[in-house]
Number of protein chains: 2
Amino acid sequence: MLIKEIVINLKHVDFNEIKAMPDRKRAMFINSLSGFKSANLIATQNKQAQTNLAMFSSVVHLGASPALVGFIMRPDNDQRHTLNNIIETGYYSINQVSCEFYRQAHQTSARYSKHQSEFEETNLSPFYIDGFNVPFVKESQLKYAVKLQQIMPISLNNTQFIIGEIVHVMCEEEAMKSDGYIDIEALETVSVSGLDGYHRTQSLTRLNYAKPNVELKNYSFSDDRGINNE
Amino acid sequence: MLIKEIVINLKHVDFNEIKAMPDRKRAMFINSLSGFKSANLIATQNKQAQTNLAMFSSVVHLGASPALVGFIMRPDNDQRHTLNNIIETGYYSINQVSCEFYRQAHQTSARYSKHQSEFEETNLSPFYIDGFNVPFVKESQLKYAVKLQQIMPISLNNTQFIIGEIVHVMCEEEAMKSDGYIDIEALETVSVSGLDGYHRTQSLTRLNYAKPNVELKNYSFSDDRGINNE
């Protein structure tokens, strides 16, 4: 009788080994640990209407009431264009990145001068709506305007946590389900691994609200279960 | 001649419409906006060695030097077990969730009493290593011990941003590439959409470091390009 055994070969990397890694290797390694990351373009402009566009993989949900979203601003000079513009105007847009334009989104991370707009340099199109002096990315099928609420300095590593309130959402209508869920896989939104890995997704299931000693139920992504069905 | 035209039907949802949504629907909706989220189990124990295990989709990379990771703690009573334990011992573990056990991971969000351990209730196995009085999730193929560094209260919505330093990593060795990148897709790590959607991934490509006016190069996930190849 053959006994099938799964052998998992776990490698231990301790504190001293992490510290001793060359900087670039440690950046790759540590960036892989948090799991799959969101892929978003943050678009801004200054008071002279000079636009800026930058890729962020750290956008994180903070709460629904009020509708708050955060992201991490690194101390690099490059990303200061984004922050300076946000401080100048008080607004920015967050635009989900999809399969269709993830290469252009990645290219926005090149070090362009402050007189160049990443929109032009990467062939993405700015798009405006009445009442908001921030550009959106036309190619993005899920994007929203955000009003700056708070900048929290993180002294541990000289980064900043930027928090804003979501004030205006634009989304491809077919993907919006009646219970509020947005099928971002149908929008072909990508996710990021490490510093430079891009992935599309393949749905497993939606699961209902967990209760002690009750078996979980599956919901298909095409089910439109409404807001009162659980 | 047939002209193919892609019509994107963007629906606008403004600030007042967001505020007017029923709470549960707004939670579903706003949770969908940040993009794909990481899926991690955070494991802790108190001084009496009572364990706790909770699912988080807000773990975010903060920096590689020092190696810092953050996550959002909501004000719900349930999650206080995790925070209380972290404060008591100063340590916690973060465990990437894979296809193999994402249902059990989701089930940890049920409201168990403080005398029940989610490990037992969901059939996941605690695992210990010398020198750390925190449990890890045995089933996870990428997990690490974290030392609490800072708790930042976010007064805007009564949440807290918990920041810790990564002190010890355990990872399936095959997935670790020589440039530091970890192939988390090979580990079948899942990602989360909204409040309750689970997804596996399908790799597109890795892209090299972007430079102005230089075309991006693809790297396959099985390439092991080393740390000096760019």
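The values are calculated or read from the model by the stated rules, or taken from the named source; none is laboratory data. This one's a predicted model, so the numbers in the text were calculated from it and none came from an experiment. Because the Cβ atoms are built from the backbone with ideal geometry, glycine has one as well, and the counts that use them run over all protein chains shown. Just so you know, the surface numbers come from the protein's heavy atoms only, side chains and all, with ligands and any DNA or RNA stripped out. Shrake-Rupley method; radii C 1.70, N 1.55, O 1.52, S 1.80 Å.
The table that follows gives values for the structure above.
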| read-out | value |
| --- | --- |
| Length added when fully stretched, B:S178-B:S155, from 0.36 nm per residue minus Cα-Cα | 4.0 nm |
| Hull volume in cubic angstrom per residue (convex hull over the Cα atoms of the protein assembly as shown) | 175 Å³ |
| Over chain A, relative contact order from alpha-carbon pairs under 8 Å, at least 6 apart, % | 20 percent |
| Separation in nanometres of the label points that stand 7 Å from Cα toward Cβ, at A:R80 and A:K114 | 0.7 nm |
| Relative frequency of Cα-Cα separations exceeding 21 Å in region A:114-230, percent | 63 percent |
| Per residue, in Å², the accessible surface of region A:35-204 once ligands and nucleic acids are set aside, probe 1.4 Å | 34 Å² |
| Accessible area buried at the A-B interface, both sides summed, 1.4 Å probe (Å², nearest 100) | 10100 Å² |
| Residue-by-residue Karplus 3J(HN,Hα) for region A:127-144, coefficients 6.51, -1.76, 1.60, Hz, glycine and proline x | 8, 10, 10, 4, x, 10, 8, 10, x, 10, 8, 4, 5, 7, 9, 8, 8, 8 |
| Cross-link table A:K47/A:K114; A:K11/B:K138; A:K47/B:K211; A:K138/B:K37; A:K37/A:K114; B:K147/B:K177, entries beyond 19 Å C-alpha to C-alpha | A:K47/B:K211; A:K138/B:K37; A:K37/A:K114; B:K147/B:K177 |
| Dipole of region A:25-176 [Lys/Arg +1, Asp/Glu -1 at C-beta], most positive-end residue of A:L33, A:T122, A:G164 | A:L33 |
| Chain B - percent of accessible surface contributed by carbon and sulfur, probe 1.4 Å | 46 percent |
| Among B:G194, B:G164, B:G131, residue whose mean-square fluctuation peaks in a GNM of chain B (springs only between Cα atoms under 10 Å) | B:G131 |
| Lys, Arg +1 and Asp, Glu -1 on Cβ, resulting dipole of the protein assembly as shown about Cα centre, debye, nearest 20 | 780 debye |
| Residue-averaged beta-carbon neighbours from other chains (10 angstrom radius) around A:13-26 | 5 |
| Pair A:H12, B:L148: separation of 7 Å Cα→Cβ label points (nm) | 2.5 nm |
| Max mean-square fluctuation residue, GNM over chain A, Cα-Cα springs under 10 Å, options A:Q45, A:Q104, A:Q116 | A:Q116 |
| At 7 Å out from Cα toward Cβ: A:S125 inter-copy label distances (nm, ascending) | 5.5 |
| Shielding by partners, peptide B:183-191 (average Cβ within 10 angstrom, other chains) | 4 |
| Rg(Cα) / (2.2 N^0.38 Å) computed for chain B, rounded to two decimals | 1.17 |
| Trypsin sites (Lys or Arg not before Pro) lying in DSSP loop within region A:8-97, provided at most 14 other Cβ fall within 10 Å | A:K47 |
| Between region A:202-217 and region A:148-176, the Cα center-to-center distance that results, in Å | 29 Å |
| Backbone HN-Hα couplings from phi across region A:177-188 [Karplus 6.51/-1.76/1.60, Hz, Gly and Pro as x] | 8, 5, 8, x, 4, 10, 7, 6, 5, 5, 7, 6 |
| About the Cα centre, charge dipole magnitude for region B:36-204 (Lys/Arg +1, Asp/Glu -1 at Cβ), debye | 560 debye |
| Within a Gaussian network of chain B (alpha carbon springs, distance under 10 Å), most fluctuating of B:T189, B:T44, B:T159 | B:T159 |
| Shielding score for B:170-178, defined as the mean number of other chain Cβ atoms within 10 Å | 4 |
| Relative contact order (%) - criterion: Cα under 8 Å, at least six apart; region: region B:43-168 | 32 percent |
| Fraction in percent of alpha-carbon pairs per bin - 10 Å, region A:147-187 | 23, 28, 26, 21, 2 |
